[in-house]
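Reviewing the structure listed below.
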């Protein structure tokens with residue numbers, strides 16, 4: 001890949017992040033609600049201070065958050081802050097910063113999301129590849145069908161079904177939370193296993209819901225590739241079935257799937273947000289849920305923007321990996 | 001078995017680097033090979049009782065219309081007929097052993113090392129995502145697992161050089177090569193393990209005429225160097241005439257005539273061969289070319305008796321009812337036609 005192309009891609013990444021941050025800045029301002037007024041109004045009702053004091057407090061808070069300045073000034077400050085990943089203070093959990101909130105919840109989401117995305121990508125593509133491979137045993141090829149059917153089930157429904165049957169009825173696995181109540185997170189095996197037990201159901205909900213998509217697209221691709229001349233010629237060369245499958249068939253059928261992975265990252269984040277809420281995991285999704293309910297817009301910005309940047313960066317990385325997989329892209 | 005052994009007097013014996021083939025008899029004997037495709041609309045006999053032999057160093061041109069069974073023959077010899085097709089019977093004896101009796105793993109090892117197939121490689125026969133070298137190395141490695149890395153690489157580069165390619169092609173990708181170069185790479189892969197028999201399936205289609213000639217000369221040269229028997233499949237009678245020793249004509253899954261090139265062009269025996277030859281343009285013969293009337297028959301609904309009789313100018317009453325059997329004429333030519341019933 002030429003340097004020019006790398007620079008162009010990086011510029012495009014910056015453009016995407018700018019566009020996303022601008023949209024994220026202006027959308028919550030269109031709402032007529034005021035987070036400060038709601039938060040302190042609540043305090044005023046319970047705390048018993050006068051409406052005049054309330055107005056004073058809100059005015060001073062507005063000054064402190066810069067909300068009294070013109071919108072374009074706020075926008076500039078905001079863009080400047082984003083450059084060093086400073087998303088400001090959470091209104092709802094003041095004085096915690098949004099960056100701190102993200103840092104707290106990120107490992108939970110990242111762990112769940114990375115593991116499930118990678119697992120479902122690998123499982124789905126292998127199953128799909130096998131399903132389209134004429135020399136694979138029939139029972140193995142038939143294995144793909146149930147997963148394709150599961151694609152129609154949204155992750156929420158899948159999560160609820162898993163919770164009901166495996167968690168509630170069979171009581172095999174816990175119903176929610178990141179780890180058992182009363183357990184203190186430590187670097188021990190006991191804690192690790194407790195943690196894993198809580199991750200199985202949400203992970204399963206995400207994997208079962210997304211694996212079928214990979215199976216379906218990979219099988220479609222595989223049907224085309226298995227009839228290609230170079231796969232036939234590989235057999236004429238007397239190669240073993242395994243080598244033809246891996247180096248000639250899978251290697252080529254994988255190419256569009258890698259692009260698909262970049263596209264799927266966004267969807268996976270959305271699913272994770274919903275599933276986290278369902279299973280009560282303290283990840284980014286749950287955090288975003290709370291922030292939306294509290295109209296805590298610095299936190300909303302922060303999280304949405306963070307997710308956008310993360311997905312855009314991951315997509316750019318995938319785009320840089322692609323030429324390593326396909327030499328034809330490298331030279332053009 | 002009906003076999004014919006035609007020696008080419010034009011080939012000087014010294015040019016042939018002899019290899020141990022036993023008694024010097026035929027290196028390839030195909031006997032009564034039959035292939036049927038079981039389709040939803042019925043059974044189609046794509047190869048019907050096909051027999052022929054080839055000596056080391058001999059080149060056979062296989063011609064016939066599309067659907068006459070040329071490519072099916074190539075695939076059957078490689079034992080690569082896929083469902084719904086099935087090899088129903090016959091034998092393919094290469095250098096003493098019958099390929100049809102081998103188990104799957106032995107057959108895998110026989111491919112490329114005993115019988116090699118050169119595809120129409122100009123378009124799509126090379127893996128687009130790995131280097132040419134890697135595709136040659138894995139071919140060698142799957143047959144000679146104990147050969148060292150350096151020896152394999154040297155062998156591959158030798159093969160590239162023998163098809164007049166720069167050894168640098170070893171490091172290149174398929175999309176960096178021209179159509180002619182890709183075809184040469186396929187030839188180089190075909191000769192990597194010095195096979196006894198090389199089948200080249202329309203190696204020059206999709207190439208321009210100059211490149212066609214170069215590719216044919218390349219096949220000619222490497223074939224001489226390893227003294228393999230070559231089966232050249234194609235439609236181009238003119239190109240064939242310049243390179244092969246014998247011509248076999250296929251029609252509706254049967255071999256209707258096998259003759260030397262000279263005999264085929266000067267005195268074709270089978271009416272279908274005659275029609276093929278008279279349809280060729282030549283410098284002396286200006287005017288209207290004679291096409292062959294009618295269409296190639298569907299294998300699902302073959303005419304009774306001789307499959308060619310509805311299109312045949314010399315058809316006799318019993319051609320419509322009695323199927324002709326292959327017969328060897330005096331002089332060794334082989335024809336499947338009732339016209340020569342008394343002559344065998």
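Computed over region A:108-291, the percent of Cα pairs more than 20 Å apart is 59.
Note on residue B:322 and residue B:224: the extension gain reaches 31.0 nm, defined as 0.36 nm multiplied by sequence separation minus the Cα-Cα distance.
So how do A:319-329, B:298-308 stack up, highest first, on mean other-Cβ count within 10 Å?
B:298-308, A:319-329
Springs join every pair of Cα atoms under 10 Å in this Gaussian network model of chain B, and among B:178, B:51, B:282 the largest mean-square fluctuation is at B:282. Using the alpha-carbon atoms, what tilt in degrees (0 to 90, nearest 10) does helix B:209-226 show relative to the longest principal axis of chain B? For B:209-226 against chain B, the angle is about 70 degrees. Build a GNM of chain A with springs between Cα atoms under 10 Å: which of A:89, A:248, A:301 gets the top mean-square fluctuation? So, out of A:89, A:248, A:301, the one fluctuating most is A:248. Semi-axes of the equivalent ellipsoid for region B:225-296, computed as √(5λ) from the eigenvalues of its C-alpha gyration tensor and ordered from largest down, come to 22, 16, 11 Å.
Packing, as the average of other Cβ atoms within 10 Å across residues, places the peptides A:127-133, A:140-146 in the order A:127-133, A:140-146, highest first.
For region A:248-320, report the translational diffusion coefficient in µm²/s to the nearest whole number, using Stokes-Einstein at 4 °C, 1.567 mPa s, and a Kirkwood Rh over Cα pairs.
Using the Kirkwood radius from Cα pairs, D works out to 94 µm²/s.
Considering only C-alpha atoms, what is the centroid distance from region B:70-96 to region B:129-147, in Å? Each part reduced to its Cα centre gives a spacing of 25 Å. Taking every alpha-carbon pair in region B:154-248 and binning the separations at 5 Å intervals from zero gives 3, 13, 27, 24, 19, 10, 3, 1 percent. Volume per residue of the convex hull around the Cα atoms, evaluated for region B:41-198, comes out as 147 Å³. May I ask for the distance between the Cα centers of region B:202-254 and region A:126-144, given as a whole number of Å? Here the two parts' Cα centres lie 39 Å apart.
What does the average come to when, for each residue of peptide A:245-253, you count the partner chain Cβ atoms lying within 10 Å of its Cβ?
Going residue by residue through A:245-253 and averaging, the value is 2.
Rounded to the nearest 10 degrees, the inclination of helix B:149-162 to the longest alpha-carbon principal axis of chain B is 50 degrees. Result for chain A in a Gaussian network model with C-alpha springs under 10 Å: among A:186, A:22, A:316, the largest mean-square fluctuation is at A:186. Calculate, for residue A:289 and residue A:243, the FRET efficiency according to 1/(1 + (r/R0)^6) with r their C-beta to C-beta distance and R0 56 Å; round to the nearest 0.05. E between residue A:289 and residue A:243, to the nearest 0.05, is 0.70. Arranged from fewest to most other beta-carbon atoms within 10 Å of their beta carbon, A:138, B:196 become A:138, B:196. Summarised as an ellipsoid, chain B has semi-axes of 35, 22, 20 Å, derived from the eigenvalues of the Cα gyration tensor scaled by 5 and square-rooted, with the largest first.
With an a/c value of 1.5 or above and a/b not larger than b/c for the gyration tensor axes a ≥ b ≥ c computed over the alpha-carbon atoms, chain A is described as oblate. Here A:297, A:164 are placed in order of increasing Cβ neighbour count within 10 Å, fewest first, which gives A:164, A:297. Per residue of peptide A:220-233, the mean number of Cβ atoms on other chains within 10 Å of the residue Cβ is 4.
With Cα atoms as the point set, the radius of gyration and Dmax of region A:12-100 evaluate to 15.2, 53 Å. In the protein assembly as shown, the alpha-carbon atoms span a convex hull of 242 Å³ per residue.
Can you give the FRET efficiency for residue B:66 and residue B:151, using 1/(1 + (r/R0)^6), R0 = 45 Å, r = Cβ-Cβ distance, to the nearest 0.05?
After rounding, the FRET efficiency stands at 0.60.
Take each residue in A:285-296, count the other chain C-beta atoms within 10 Å of its C-beta, and the mean is 0.
By the Cα gyration tensor, region B:25-109 has an equivalent ellipsoid whose semi-axes, rounded to whole angstrom, run 22, 17, 10 from largest to smallest. As a calculated quantity, the FRET efficiency between residue A:318 and residue B:290 at R0 = 60 Å, using C-beta atoms, amounts to about 0.45.
Each value in this text was obtained by applying a stated rule to the coordinates, not by laboratory testing. From a predicted model like this one, the values you see are computed outputs, not experimental measurements. With ideal geometry, Cβ positions are generated from the backbone for all residues, glycine too; neighbour counts draw on all protein chains shown.
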